[in-house]
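The values are calculated or read from the model by the stated rules, or taken from the named source; none is laboratory data. Since the structure is predicted, the reported quantities are computational estimates derived from the model, not experimental observations. Cβ placement follows ideal geometry from the backbone for every residue including glycine, while neighbour counts extend to all protein chains displayed.
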Amino acid sequence: MQTAAQLWSCLFLYYSVCCCSGITEESNALNFVQRKALPRFAPLSTLSTAQSSRSKPWLMHKYIAVAHHKSGVYVMGQLWELIFFALGATTSDMGMWIQPCYPHTCYSPEAPIQIWVDMYSYDKAQEERVAAGANGMRVVGIVRDPVSMIVSAYCYHHRGKELDSILFFPAALLVVLGPKEGLKLVAEGMLPAVENMTSAFEQPSHDTFRLEYEKLTRSSDGFDQQMGEMMNFLFQDLITPAERSQVLNATKWADLHRHPPTDDHQNNQECEDEVRKYVPSLPADILSRYRSFQERLGYAAT
């Protein structure tokens with residue numbers, strides 16, 4: 001049997017290797033489109049000269065995609081790139097910021113098209129509205145049931161994923177913790193992120209679209225409905241019908257039902273079903289916070 005010292009030595013080594021690699025799942029997600037999806041849909045040259053000469057929407061508004069850990073960062077990153085690359089944006093038009101700023105994950109903070117991870121809240125939204133000025137901003141935030149987020153996070157990190165995360169230090173400990181202890185560690189570590197998500201999206205706003213993770217991933221019909229509503233919000237009459245059609249066609253590559261993932265980013269459903277059984281055993285003060293988050297966002301207690 002391993003001694004406590006041996007166990008911590010192994011965990012430290014595991015953590016150090018992951019941390020020093022400088023690569024996270026979040027950063028990998030934002031390169032997914034260039035690697036896999038973009039070559040598969042119609043090239044931008046198919047747009048007419050008239051369409052190409054129109055003023056680009058991101059010259060009119062600032063566009064910000066928002067995600068929080070396990071709310072759907074991977075799919076939000078795919079969608080944002082698919083949408084704007086289909087409209088002719090280049091990598092120089094896009095920036096990313098994540099809190100904390102892991103190596104190689106933060107760049108181009110002044111770009112008009114942004115992806116923000118684990119940093120958006122009600123207060124941040126107010127700051128950005130002021131900064132956007134008369135042109136205004138268009139924010140799309142992916143929102144998920146807070147309890148599902150912590151259940152997913154435990155299963156994900158328990159598999160050895162993203163062990164450089166400082167949300168739960170040392171994250172490598174989650175590899176060896178069982179579901180009861182591990183879920184408690186995750187729930188504590190994710191409280192600030194989930195509070196930020198809740199505060200930002202519990203009330204509707206004219207410049208913000210709440211993308212529902214559950215509707216997005218439940219079926220292709222739900223995915224298409226969410227995409228149609230999001231396109232109306234983002235662009236209104238700033239793009240042509242042909243451009244809208246091309247964008248909607250491009251986004252289908254992010255539909256998990258049309259194109260099931262070939263990597264191991266998704267959790268095993270059996271793990272999530274098992275871990276969910278331990279939610280009622282969370283300390284009362286922590287559980288009450290998550291029940292409050294669910295209520296504020298319109299989710300039933302699960």
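Per-structure values
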item: Every pair of residues 6+ apart whose Cβ atoms lie under 7 Å, when the first sits in the range 62-81 and is free of Cβ contacts under 8 Å to residues at least 12 places away in the same chain while the second is part of a strand (DSSP E or B) and crowded, with 24+ Cβ neighbours inside 10 Å; result: none
item: Segments classed as helices (runs of 4 or more DSSP H), wholly inside the range 169-238, with at least 3 members that are within 21 Å of Trp253 (Cβ to Cβ) and of a type in the set (Asp, Glu); result: 220-235
item: In the range 244-282, the residues that are farther than 26 Å from Phe201 by Cβ and either in a loop (DSSP other than H, G, I, E, B) or in contact with a Gly (Cβ under 9 Å, 6 or more places away or on another chain) (or both); result: Arg258, His259, Pro260, Thr262, Asp263, Asp264, Asn268, Lys277, Tyr278
item: The range 66-105, subset more than 24 Å from Ser55 (Cα to Cα) and out of contact with any helix residue (DSSP H, G or I) (no Cβ under 8 Å at 6 or more places or on another chain), residue modelled with the highest pLDDT; result: Met76
item: Phe235 within 19 Å of the chain's Cα centre (by Cα) and either buried (at least 19 other Cβ atoms within 10 Å of the Cβ) or not aliphatic (A, V, I, L, M) (or both); result: no
item: Cross-chain or 6+ apart pairs with Cβ under 9 Å, the range 250-263 first and on the phi < 0 side of the Ramachandran plot, then acidic (Asp, Glu); result: Thr251/Asp224; Lys252/Asp224; Asp255/Asp224
item: Condition check for Pro241: modelled with pLDDT of 95 or more and over 29 Å from Ser220 (Cβ atoms); result: no
item: Scan of the range 168-194 for residues that are in contact (Cβ under 8 Å) with a residue 60 or more places away in the chain and among the aliphatic types (A, V, I, L, M), ordered by number; result: Ala171, Ala172, Leu173, Val175, Val176, Leu183, Ala187, Met190, Leu191, Ala193, Val194
item: Failed condition for Gln203, given (1) modelled with pLDDT of 95 or more; (2) surrounded by 21 or more Cβ atoms within 10 Å (Cβ to Cβ); result: (2)
item: Cβ-Cβ under 6 Å pairs, at least 6 apart or on other chains, the range 265-290 side at positive phi, far side of a type outside the set (D, E, K, R) and not in a helix (DSSP H, G or I); result: none
item: Residue in the range 135-155 that is surrounded by fewer than 20 Cβ atoms within 10 Å (Cβ to Cβ) and of a type in the set (Ser, Thr, Tyr) present; result: yes
item: The one condition in (1) over 21 Å from Thr302 (Cα atoms); (2) without any contact (Cβ under 8 Å) to a residue 40 or more places away in the chain that Lys161 fails to fulfil; result: (2)
item: Residue ID - surrounded by the fewest Cβ atoms within 10 Å (Cβ to Cβ), chosen from residues in the range 81-112 that are touching a Gly at 6+ places or on another chain (Cβ under 6 Å) and at positive phi; result: His104
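Table: residues versus (1) under 30 Å from His61 (Cβ atoms); (2) polar (S, T, N, Q); (3) surrounded by 12 or more Cβ atoms within 10 Å (Cβ to Cβ).
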position	(1), (2), (3)
Thr217	yes, yes, yes
Gly222	yes, no, yes
Met231	yes, no, yes
Gln246	yes, yes, yes
Thr251	yes, yes, yes
Ala254	yes, no, yes
Ile286	no, no, yes
Leu297	yes, no, yes
